[in-house]
Amino acid sequence: MGTHAKLNRRLGAFAVVLFLIVAALGVRLVDFQVVKAAEIQAKSLASRSMTQTLQALRGDILDSSGQVLAKTVFRYDVNAAPKNVGPVFQTIDGVRTERSVDEIALELSQLLGVDYGEIMIRLEGDSEYSNLAKTVNAETFNAIRDLDIPWIFFDQFEDRLYPMGAVAGNVLGFVGSDGTPLAGLERQYNTCLAGVDGQETFERSAEGVRIPTSNQTTQPTEDGGQLNLSIDANLQFFAQQVLADTVNELSATWASAIVVEVETGRILAAAEAPTVDPNDPAAVPAADRGSRIFQAAFEPGSIMKAVSASMVLDTGTADEYDTVPAPDRMNLDFDNEYIKDSFSHEDFTLSLAGVLRYSSNTGMTNFASQIPRETRYEYLKKFGFGSVSPLRFEGESSGILHPASQWDEMTNLVTTFGQGISVTSLQMAYAYQAIANGGVRLDPILVDSCLAADGSVAYAPNQGSTRVLSTASANLNLELMEQVVEFGGVGKTAAIPGYRVAGKTGTAEIKSGSGYGDEYAISFYGIAPAENPKFVVGVTIYRPEGVSNSSKATPPFKAIMQQALKHYRIPPSTTESRSIPSDKYGQIDEND
């Protein structure tokens with residue numbers, strides 16, 4: 001075989017091999033580009049695609065006038081990817097410009113308030129993450145974002161703010177660092193306030209940099225609703241300041257004040273001292289982070305006498321002219337027990353007005369014990385004692401009101417003047433609201449509404465009411481309570497110039513073990529104007545140091561009631577109270 005033939009055969013073999021290689025590559029190419037194209041594209045997208053959560057904004061909490069008590073803003077961590085750090089080329093006004101790393105670092109330093117040298121250190125290395133600054137606000141975020149630096153990226157998170165600080169802090173509650181509601185209305189109304197997070201996908205380049213045009217929202221966010229409270233932030237702030245001064249002056253464990261609008265049942269103020277700033281709840285002990293108005297139960301003492309007097313009138317047991325013996329000490333016919341009056345005095349005879357004016361334990365016992373215990377128990381239930389309110393504030397106490405069938409002989413008597421029963425400030429305030437409102441107790445309102453993000457009403461209270469007393473009995477009882485403020489020894493210090501005020505003092509011994517110690521809860525609960533009631537204000541001071549009567553409870557009551565009357569521009573009284581007889585022996589100094 002000649003040389004030429006061998007060459008042709010080799011060329012033919014090479015052509016065959018080449019054809020086979022090309023054919024194989026063609027098959028693979030068709031496989032990649034046609035058969036498996038969708039699968040490969042999906043894998044490629046998955047390798048560079050990222051999904052992130054889009055946080056929904058938690059809703060605002062507003063006071064009755066629209067002032068913001070709680071709001072959520074976005075904060076941002078500013079980060080860099082050092083492995084990608086380098087000059088940035090940008091076209092400005094049609095001119096392609098290079099910006100050096102030094103130049104960019106200087107701008108970042110000025111915007112973040114971080115030393116230039118520190119910024120440069122954090123931009124060094126080959127990692128994909130380096131934090132430059134944490135929790136910057138939206139203004140700083142926008143300024144840095146507008147620099148359009150591809151190797152700068154941000155982590156966004158929510159920050160809950162309480163612009164008015166501690167105002168209504170005990171009621172509002174607070175959230176944790178992760179946004180979880182931990183207390184108060186924040187937690188109770190979380191379904192209103194919490195939004196629904198969305199999702200967004202985007203693609204990254206081979207260098208790990210986000211591709212700006214690749215954003216795609218796969219699930220939109222739904223922001224939380226707006227919670228509107230009945231609380232008046234200005235009145236709330238004033239009451240908290242008064243209580244803070246009171247606790248400081250008396251070295252008391254705590255004090256509370258509640259202001260209720262009589263005709264609507266709306267809570268205008270629910271003040272506490274000590275209180276909590278929801279921006280920094282850890283700054284106060286756990287015991288001071290809740291709301292004792294709703295959560296703390298105490299024996300009410302003599303403020304209960306106004307309630308007992310209303311039962312006496314409503315059952316027809318006595319009227320304003322009937323009298324009973326009111327000895328200094330009343331011996332009982334069981335277990336060698338006795339009842340001591342609230343202050344030492346010679347024996348005398350009192351009307352219901354006199355019993356309230358002099359705060360007589362024995363006189364109230366002789367009046368109210370004529371009513372069957374089962375009947376009194378039913379009245380107490382209608383007044384709201386012994387059960388939580390429809391507010392269902394978290395941790396709300398029901399107080400203690402045992403069924404009448406469980407009352408022993410002593411309990412049957414002492415409940416008439418506020419022992420053997422425990423109440424919350426909320427319960428007592430609404431018992432007085434019933435008396436002020438012509439005998440009708442309204443369910444308390446703390447939240448006026450929840451508005452969804454689109455403005456629709458997601459929640460509004462369905463307020464109920466309970467007829468407790470006849471209108472005539474309630475109005476007559478108010479007249480009796482006026483005698484406390486006009487003529488009572490301590491009660492007179494609650495008088496407000498220009499206004500008729502009705503109320504009752506209270507000094508309750510605090511239980512210690514199986515008996516009572518030498519510490520007290522002192523109170524004053526009052527109504528004004530008495531002839532056309534607008535507000536109930538209830539003040540309770542717990543364990544004031546060295547104080548054994550309610551004389552220190554009337555100044556904060558007076559200050560807060562005066563502020564409410566002034567703030568809401570309630571005109572002064574134009575009528576005078578009716579003269580109602582109190583006793584047969586002239587005035588006697590009152591110590592309760």
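Every number in this text was worked out from the coordinates using simple rules, so none of it is lab data. Keep in mind the model is a prediction, meaning the values are calculated, not measured. Because the Cβ atoms are built from the backbone with ideal geometry, glycine has one as well, and the counts that use them run over all protein chains shown.
Below, the figures for the structure above:
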| read-out | value |
| --- | --- |
| Cβ charges +1 (Lys, Arg) and -1 (Asp, Glu), total dipole of the chain, debye | 2220 |
| Residue-span extension gain [E545 to E222] - 0.36 nm each, minus C-alpha spacing | 111.1 nm |
| FRET efficiency, D102 to Q67 (Cβ-Cβ, R0 45 Å, nearest 0.05) | 0.45 |
| Cut-off of 10 Å, at most 15 other beta carbons, DSSP loop: longest stretch of the chain lacking such chymotrypsin sites (Phe, Trp or Tyr not before Pro) | 335-567 |
| Dipole axis of segment 221-308 (+1 Lys, Arg; -1 Asp, Glu on Cβ), positive-most option in N279, V307, N248 | V307 |
| Extreme residue, positive dipole direction of segment 87-146, given options M120, S109, T140 (C-beta unit charges) | T140 |
| Computed lengthening from F157 to T135, 0.36 nm per intervening residue step minus Cα-Cα distance | 7.1 nm |
| Net +/- balance of residues flanking R58 in space, Cβ distance below 15 Å, scoring K and R +1, D and E -1 | -4 |
| Relative contact order of segment 397-463, defined on C-alpha pairs under 8 angstrom at six or more residues apart (%) | 20 |
| Relative contact order (%) - criterion: Cα under 8 Å, at least six apart; region: the chain | 14 |
| Amide H within-cut-off set for W254, under 5 Å, with H built and near neighbours excluded | Y542 |
| Residue-count net charge about P390 - beta-carbon cut-off 15 Å; Lys, Arg +1, Asp, Glu -1 | +1 |
| Estimated dipole of segment 262-400 in Debye, rounded to 20 [Cβ of Lys and Arg +1, of Asp and Glu -1, Cα centre] | 320 |
| Greater than 21 Å apart at Cα, pairs in K381/K492; K305/K382; K381/K552; K504/K534; K381/K558; K492/K552 | K381/K492; K381/K552; K381/K558 |
| Entry for log10 I(q)/I(0) by the Debye sum over Cα atoms at q = 0.05, 0.07, 0.08 Å⁻¹ (calculated from the structure that is shown) out of (i) -0.26, -0.49, -0.63; (ii) -0.20, -0.39, -0.51; (iii) -0.37, -0.57, -0.67 | (iii) |
| Separation of the S398 and T317 label points, Cα + 7 Å toward Cβ, nm | 2.5 |
| Rough spin-label spacing in nm, given labels placed 7 Å along Cα→Cβ, for N331 and V196 | 7.6 |
| Electrostatic dipole magnitude of segment 339-427 [Cβ: Lys, Arg +1; Asp, Glu -1; Cα centre; debye, to 20] | 260 |
| Radius 12 Å from Cβ of P281, net charge of other residues (Lys, Arg +1; Asp, Glu -1) | -2 |
| Selection from F385, G316, I293 lying farthest towards where the dipole of segment 285-385 points positive, charges on Cβ | I293 |
| Additional length obtainable on full extension of the chain from Y568 to T349, 0.36 nm per residue less Cα span | 74.7 nm |
